[in-house]
Structures are given as C-alpha cells and as structure tokens.
Amino acid sequence: MAGQGRSLYAEHIAARQRTTEAALAECGYDALVLSSGAPFTYFADDQEPPFHENGHFAHWVPLRGPHHVLVLRPGAKPRLVRVAPEDYWYEQAPLGSPFWADDFDLQEVGTIEAAWKLGLDGKRVAYIGDETARALAAGIAGEHHNPAALVARLDWERAYKSEYEVACMDEAETIAAWGHRAALSAFDHGASELEIHHAYLAAVRCTEAELPYPTIIGHDEKGAILHYTGKRAQRNGRVLLIDAGARHLGYCSDITRTWTRKECDSRFRALVKGMDELQLKLCERVVPGLPYPDLHAAAHVMIGNLLHEVGVLKIAGDEAFDAGLTSPFFPHGLGHFLGIQVHDVGGRQKDPSGGLLPPPPKSPYLRTTRKIEEHQVFTIEPGCYFIEMLLRPHRNGGKADCFDWKLIDELSEFGGVRIEDNVLVTASGHRNLTRPHI
Ligand code: GLY
Ligand code: MN
Ligand code: MN
C-alpha cells in the first residue's frame, strides 16, 4: 500500500488513537493491551482450525498470526510486540517493511513470555483478547479482562469504517468477484459443487483457510440449506446458489448470487429475477437515520408481493407479512455489519455504552437492529427458500388456503434464492461495493 493508501492508513491509526483514548478515559483506564490471540486446539488433539486474529487487534494492524501484543496509551505511539520465534516446524517469515511499520513502536521478540513484559506497573490497565492467563500473569487483574463497558465502546466504533477500511473492503470485493465469475462460468459448463468450489479458490488465489467463511455452494435443493457446506460431485445442477467472500488485509467481503440454467423451471427463474430486482430496490432505500429493522420489514413485504406475483402466495405481501406467512420463506435477517469479521460486531447496539436493541420477536435472527448511519458497511441479502420444516406447520394451519401447495412442491426441488451485496452508507444514501464487480 503506497502513496494515498499510506496516508489513509495513517488517518485510520490517528482515528483509532482518538477513539481509544476517549473510551479509556470514559472507563477509567490508563492503558489498553490487545493481543492477536491464541490458536484454538481441538480436544485431545494437536490440530487447529484456521486462526483468526482478535478483531480489536486487527482493527489496528494487519499483522497476521497469534500471540502478538499491542500496548495503547494516551499520547504515546502504539507499542507493537511481534512474536517471531526461531522455529523449524513452521515458517516464521521475516516481517520485511510493511506499510504500517512506521506507525508503531515495533519490537520483535523470540518468546511469548517476552511479549508480555508490558512495563505498565502502577497503571490501570485493561486487556482485550483471549490470552487471559498471560494477562493475569502480567499483572492485569481478571476484572479488567474484556471489561464490558470498554469493549462496547470499541465495538460501537468498529461500525464506522475509515477510508482505509473501505479501500480494503473494495479490494476484498474485487477479489471475491474473480471467484464468483469463475464459479458462474464453471456452473454454465455443468461443473459440480466441488468443481465450482475449486474454480472459486483458484480464481481468488488463496487457500480455503484464508477465506472469511467456508464457501456455500449448493445446486438445486441444497440452496435451501442456509449454511450448506457439502460439496457434491454430481454435475449439471439447474440452479447454483453461491455465497462466498474474500479477505484483504483482514477485511471481508460476503457475496451471494443465485444463477439458473435454461433447464430450470421458468417460474423459479422468475422468482430469481424478481429477487434480484427487489434486492436492488432495498439497497436504494438505504439512507442515514433509517432503523435497519424497517428495511428488514420492507424486505418481508416485497418478498411476499413477489411470492404473490409468482403464485406461491394467494394474498398480497403486507397481509402475508402481518400473518407471519413470509417468515417460512425468508427465515433469516436481511443483513449484518461487515468488516474484520464477516458478521461484524456492534449490530445490535443502541449506544456506545453497551445498551442493546433486541431483534423484533418475529425476526429473532436479525443481527442488525441499529440505526443506519454514514460510514457503516453492511450486507443486504434477502432470501426466499422452500424449506419443508418451516412450511410443514402451515400445510394444515388456519391459513393453509393462502398458499399454492402444488406450486410449492413443484418449485421445492430448486431450493432457494439469495442475493447478497455489501453496501457502504454515504451522507445521502449508499454505495454498492459489490455490483460494480458482479
Ligand atoms: N455468508 C454468511 C452470511 O451471508 O451471512
Ligand atoms: Mn452475509
Ligand atoms: Mn453470505
């Protein structure tokens, strides 16, 4: 990252310093220690899942790997201790000269113990991370580990993306779009779920472990399993639902497309086209000041209207939503904050101090209940699926006549539709980060 990118990063760090100093002052601390975290090891095993750095650490610096320590104090240059042991089991690549190095008082140590020599005696210190035994041994009392009031303030700030973060996310969109285009081409040529997965990985030029989440690649009926991660070998699916992202400098994209081949039922194809159009209409409604749950409710009504047009529901969208008849088709939230984590923090916060806004009772899975504001980045991902376990109670329910069950049974083999874009909230509306690419 050179030139303008470098100055964007310097601004990002200056903003982190400001917001962290304010949060420390409000919570009565003199210093904050963050660590990148410890790897998780499976029970009675020596194997680990892919390592994800502590999000609060990654908010400061895109230094990969476990056990690094960052010490933050008001008015002082952030002190970053990189753990770089001599090791012949795993590669310990030299740091080189990353674009961010000058923004830190940077030190390299050979052991984790050395990284925890904090030099903060007599200070009121908070620790955020999962290495609590090390923090305790370093003299930070347990009551100051992950203090809720401080974490809430930092989570709140993570919702407002700096220009540096948006630039990282733009790049993550570009990379994921290479994968999505390769996946579409493979699907058009009859590739299996497994082959599409491999085509995606080859195009984004990384390993599966480096993706923000496991790819969701379902042909036909598997599209109705929201987090389907099977990878079947059968070819020639008629529908492809692909939900896959990428990372750049720790920041994620999270994109879903649903494609059909000509062998797919024309009524299901109409549903896919209608979902794509209504997803764009939902993006157009994004504006600062709007509570995100209002957008979620609008999605239910629009999906209800589309199901009415296609003939699945015999009543209009608003009536269907009021009667709870859109939920079996759209059983997840419209979207979530996106950033360092694919389901980023702070989506249900009412205020910086940690008050929460619960999701509406009819939509317990909605992750974003916060008011929409400039600089937030979130997904808009309406879905419409044929999920028998959710439809079954309605087959003999009081409103059974509102559904065309024959049509539902005929369309069920095509699974479902989800269209997911990532949007940045601007002063007067939004910028769609995904659509320019795919
Ligand atoms: N890829 C997971 C999600 O869309 O939330
Ligand atoms: Mn998502
Ligand atoms: Mn997704």
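The values are calculated or read from the model by the stated rules, or taken from the named source; none is laboratory data. None of these values were measured; they are calculated from a predicted model. Neighbour counts run over all protein chains shown; Cβ positions are idealised from the backbone, glycine included. Ligands, DNA and RNA are excluded from the accessible area calculation, which covers all protein heavy atoms including side chains. Shrake-Rupley method; radii C 1.70, N 1.55, O 1.52, S 1.80 Å.
Structural remarks
- Rolling a 1.4 Å probe across all protein chains gives D188 an accessible area of roughly 80 Å².
- Between L271, A182, F104, the Cα set farthest toward the positive side of the dipole of the chain (charges on each charged residue's Cβ, about the Cα centre) is that of L271.
- Charged-residue dipole, Cβ positions (Lys, Arg, Asp, Glu), the stretch 360-428 about Cα centre, Debye nearest 20: 400
- Whether the stretch 296-349 is rounded, prolate or oblate, judged on the alpha carbon gyration tensor where a/c under 1.5 counts as rounded: prolate
- Dividing the alpha-carbon radius of gyration of the stretch 83-173 by the rule-of-thumb value 2.2 N^0.38 Å gives 1.38.
- Taken about its Cα centre, the chain carries a charge dipole of about 640 debye when Lys and Arg each add +1 at the Cβ and Asp and Glu each add -1 at the Cβ.
- Solvent-free Debye scattering, log10 I(q)/I(0), computed from the Cα coordinates of the stretch 302-423 at q = 0.12, 0.20, 0.22 Å⁻¹: -0.52, -1.09, -1.23
- Nearest-ten-degree value, helix 163-188 long axis tilted from longest Cα axis of the chain: 40
- Distance between the stretch 285-348 and the stretch 17-52 - C-alpha centres, whole angstrom: 34
- Annotation: extensible slack from D188 through A10 equals 59.6 nm (criterion: 0.36 nm per residue apart, minus Cα-Cα distance).
- Under 15 Å of direct C-alpha separation, and excluding same-chain neighbours fewer than eight residues apart, K123 reaches these aspartates and glutamates: E21, D30, E143.
- Percent breakdown of C-alpha pair distances by 10 Å bin, ordered from the shortest bin, for the stretch 152-197: 24, 28, 21, 20, 6
- Lysines whose Cα lies under 18 Å from that of K399, excluding same-chain neighbours fewer than 8 positions away: K314, K362
- Value of D in µm² per second that Stokes-Einstein yields for the stretch 151-239, Kirkwood Rh from Cα pairs, at 4 °C (1.567 mPa s): 88
- The calculated 222 nm mean residue ellipticity attributable to helices in the chain amounts to -10500 deg cm²/dmol, summing -39500 (n - 2.57) over DSSP H runs of n ≥ 4 and dividing by all residues.
- Rounded, prolate or oblate (a/c below 1.5 giving rounded, otherwise prolate when a/b exceeds b/c) for the stretch 1-107 by Cα gyration tensor: oblate
- The convex hull around the C-alpha trace of the stretch 211-259, projected and averaged over every direction, spans 3.5 square nanometres.
- Partners for K231 among lysines (Cα-Cα distance below 18 Å; same-chain residues under 8 apart left out): K222
- Counting only protein heavy atoms and a 1.4 Å probe, the chain has 44 square angstrom of accessible area per residue.
- Gyration tensor verdict on the stretch 7-67 (Cα atoms; rounded if a/c is under 1.5, prolate if a/b is larger than b/c, oblate otherwise): oblate
- Ratio Rg/Rh [Cα only; Rh per Kirkwood] for the chain: 1.01
- Pairwise centroid distance, computed over Cα atoms, of the stretch 101-159 with the stretch 194-226, Å: 36
- Most positive-pole-ward Cα, H12, V239, P78, against dipole of the chain from beta carbon charges: V239
- Residues listed by number, the stretch 126-151, amide nitrogen under 20 Å from T111 label point at 7 Å toward C-beta: 131-140
- With Rh defined as the Kirkwood radius, the inverse of the mean 1/r over Cα pairs, the Rg/Rh of the stretch 195-238 is 0.97.
- In the stretch 28-162, the alpha-carbon atoms span a convex hull of 138 Å³ per residue.
- Within the accessible area of the stretch 279-420, the carbon and sulfur atoms contribute 55%, probe 1.4 Å, all protein chains present.
- Volume of the Cα convex hull of the stretch 172-314, divided per residue and given in Å³: 123
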